[in-house]
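Here the structure is laid out as structure tokens; the discussion comes afterwards.
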Amino acid sequence: MAQPLDSRSLEAAPPALNGAAPLTTIFARLRAHFGPLTGPEAARPWWPIFGTDAPFEMLVGAVLVQQTRWETVEGAILRLLASGLLSPRAMAEAAPATLAGLIRPAAFYGQKAAGLVTIASHIVAGYDGDTARMLARPTPEVRAELLHLPRIGPETCDVILLYAGGHPVFVIDAYTRRLFERVAPTLSPGAADGPAPASHPWRQPYETLRRIIETDLHHSLLRAEPPGADQTAALYAEYHAQINEVCVRYCLTRPRCDGPPARRVYSRQEGRESYLGRTDGCPLRPVCGWYRQQRHAPAR
Ligand code: SF4
């Protein structure tokens with residue numbers, strides 16, 4: 001079950017970001033541009049589910065997507081489903097080599113196959129094959145449990161907790177770091193955990209950044225009324241989806257600030273081609289430090 005944030009410790013902590021709540025501005029601009037991506041207001045589920053066991057399918061997807069494009073993950077999920085292996089019981093009994101053949105060409109498919117068999121066996125042995133039951137445990141306990149399983153590091157763990165379990169944890173991934181580093185390069189995250197490095201403030205350790213961002217969002221977006229765990233988790237899920245979308249469309253390794261957005265169709269899900277005809281630019285240009293710097297940089 002999702003647990004509420006510890007509001008007393010959050011209230012006692014100083015605002016973590018040395019700026020005027022830029023995370024709220026970034027979120028508002030993204031949401032106005034892309035529209036709601038998660039929850040009941042979204043036009044379609046942001047995370048497409050093809051089978052009948054959504055928590056387990058999300059867990060498998062979160063493991064498979066490591067170093068792998070989502071298009072590849074979706075293909076692997078569909079093959080697992082067609083082979084009858086997309087359930088904890090079936091996967092626990094599968095030969096790793098069989099699994100590896102189905103999830104290929106996902107990166108590290110051999111290691112991921114062996115890891116998934118171990119994870120599935122853990123769910124069968126401890127929770128009678130019920131992933132939702134495992135994820136219903138208190139956040140610190142289930143987080144520690146997941147982190148002890150193979151192929152599950154902090155980022156994968158928090159994706160599973162947030163989207164499959166509804167726990168209020170903010171996911172820090174490469175997109176998050178890249179986007180915030182470009183939009184807010186001069187901010188000084190780190191107040192909550194001692195002095196921040198003078199350079200590359202968004203490259204701090206995972207847990208440090210997670211705490212800083214969660215504290216900042218609590219002080220800004222969630223301040224109006226004491227948030228419940230569900231409300232907090234919904235905000236984090238929406239924010240992460242928005243970051244993903246802007247990084248897939250505009251803030252690529254070579255940014256497409258002035259558009260057009262990348263035409264990548266990364267899901268077979270109906271409606272995902274909605275960007276193919278657009279020619280607009282990134283909604284974060286007016287608030288983006290990187291963009292401002294490039295525009296004012298002398299031409300070479
Ligand atoms: S304006 Fe350019 S650099 Fe800034 S967030 Fe958008 S795409 Fe990235």
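Scanning the range 246-271 for residues that are of a type outside the set (G, A, S) and near the ligand (Cβ under 10 Å from one of its atoms) yields V246, C247, R249, Y250, C251, L252, R254, P255, R256, C257, D258, P261.
Across the range 286-297, not a single residue is classified as closer than 16 Å to P185 by Cβ and at pLDDT 95 or above. Considering only residues that are of a type in the set (D, E, K, R) and crowded, with 17+ Cβ neighbours inside 10 Å, look in the range 236-277 and name the one that is farthest from R44 (Cα to Cα). Per the stated criteria, the residue is R249.
Picking from residues in the range 206-240 that are among the aliphatic types (A, V, I, L, M) and not in a helix (DSSP H, G or I), the one that is modelled with the highest pLDDT is L221.
Each residue in the range 169-197 was checked for being modelled with pLDDT of 95 or more, surrounded by 21 or more Cβ atoms within 10 Å (Cβ to Cβ) and part of a loop (DSSP other than H, G, I, E, B), and 4 of them qualify. Scanning the range 279-290 for residues that are near the ligand (Cβ under 6 Å from one of its atoms) and under 8 Å from R182 (Cβ atoms) yields C288, W290.
The values are calculated or read from the model by the stated rules, or taken from the named source; none is laboratory data. Because the structure is a prediction, the values reported are computed rather than measured. In this analysis, Cβ positions are derived from the backbone assuming ideal geometry, glycine residues included, and neighbour counts consider all displayed protein chains.
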